[in-house]
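The values are calculated or read from the model by the stated rules, or taken from the named source; none is laboratory data. All of these numbers come straight from a predicted model, not from anything done at the bench. Don't worry about glycine lacking a Cβ; one is built from the backbone with ideal geometry, like all the others, and counts go over all protein chains shown. The protein model used for the area step is the full one, side chains on, heavy atoms only, and it has no ligands, DNA or RNA in it. Shrake-Rupley method; radii C 1.70, N 1.55, O 1.52, S 1.80 Å.
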Amino acid sequence: MSTLRYTISSALLLFLAVVSLNAAEAKDTLKIATDTLKVATDTLKLSSDTLQQKNEKIGVVHLDSTMVISRDNVRQVPKLKSPVYQGAYVNVDIFNPIATLFNGGRFEFVVSFDVSLWQRLFPVVEYGMMFMNHEFSNSHYKSDGFFFRFGANYNFLNFKPDRKKDHTFGVGVRYGLSNVNYTVSNALLENLYWKERTYMTNEKRNVNVGWFEFVVGVRVQVYKSFFMGVNVKVRAFPHFYKKEIDYPAFIPGFGQYNTNTATFGFEYILSYQIPYKKKQNIVNKISK
């Protein structure tokens, strides 16, 4: 009987020693990677087993139960904030200077400058000039002037802070203001009742004209800071700042003038984006 008791007691002590050693070994093998583990939370798949201490979750245990990943050890990818200012653009229209050379001796060009705010709102200022020297069937029309257009576009495409390209698709509105000088010489006036013909030459006149524009445009990043794009414009509601005896046939920036008539415009744009530091900081955060 004493031998049996001794055997049972020895077996029990051996069992307890083995359990204690296993527990101590398991405790010693729990290693926390503090300096070498960098894991994105959206790509890591872990076991649902959790390590509990004082009813608080302190980490997640792998299936092999040898490594604990604490919340302090997991390096999360920072949530990128979109800065307000995201670059400026210098734009040159190359379509109208070429097209107007073949349109009645008229030459017109325009340059513009716009700024990206949140990559959504693009305030824009445009400046242009027009020169015209045209022979009609019975008169000679000469005109020159400059114009300003200012407004904004709203971008519906590609405005996330982690975007790789700065393509845009936007719609916008402008207000145009033009100052134009014009003269008409050898204009034929006919009186059908008296059957008389008179040639008239008016003095050089100067008028200020305003109008509204509605714009739809696309701009594509071709290479680094260089862009290409197209704009389609509808110009309407022309109005003169004071009444005149006669009005110019062409308004710089607006086109051919007819009362209560809208005109359409097309631009083929070459753009250069002025680099800025905040964009480089965003790229660096994404690449890390």
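I'd like the residue in the range 247-276 that is hydroxyl-bearing (S, T, Y) and buried (at least 17 other Cβ atoms within 10 Å of the Cβ) and, out of all such residues, is farthest from W211 (Cα to Cα). Looking at the filtered set, the residue picked out is S271.
If you filter the range 155-169 down to residues that are of a type in the set (F, W, Y) and surrounded by 13 or more Cβ atoms within 10 Å (Cβ to Cβ), you find that the one that is farthest from Q221 (Cα to Cα) is F159. Reported count of residues in the range 126-145, each being open to solvent by 80 Å² or more (accessible area, probe 1.4 Å) and in contact (Cβ under 8 Å) with a residue 24 or more places away in the chain, is 4.
Report those strands (runs of 3 or more DSSP E) wholly inside the range 59-128 carrying at least 2 residues which are at pLDDT 75 or above.
Hits in the range 59-128: 85-93, 106-117.
Rundown of residues vs (1) modelled with pLDDT under 95; (2) part of a loop (DSSP other than H, G, I, E, B); (3) under 31 Å from the mean Cα position of the chain (by Cα), yes/no style:
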| site | (1), (2), (3) |
| --- | --- |
| S137 | yes, yes, no |
| F147 | no, no, yes |
| K160 | yes, yes, yes |
| D166 | yes, yes, yes |
| V173 | no, no, yes |
| V207 | yes, no, no |
| F212 | no, no, yes |
| V215 | no, no, yes |
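Restricting attention to the range 219-256, which residues are in a loop (DSSP other than H, G, I, E, B) and of a type in the set (A, V, I, L, M)? Those that are in a loop (DSSP other than H, G, I, E, B) and of a type in the set (A, V, I, L, M): I245, A249.
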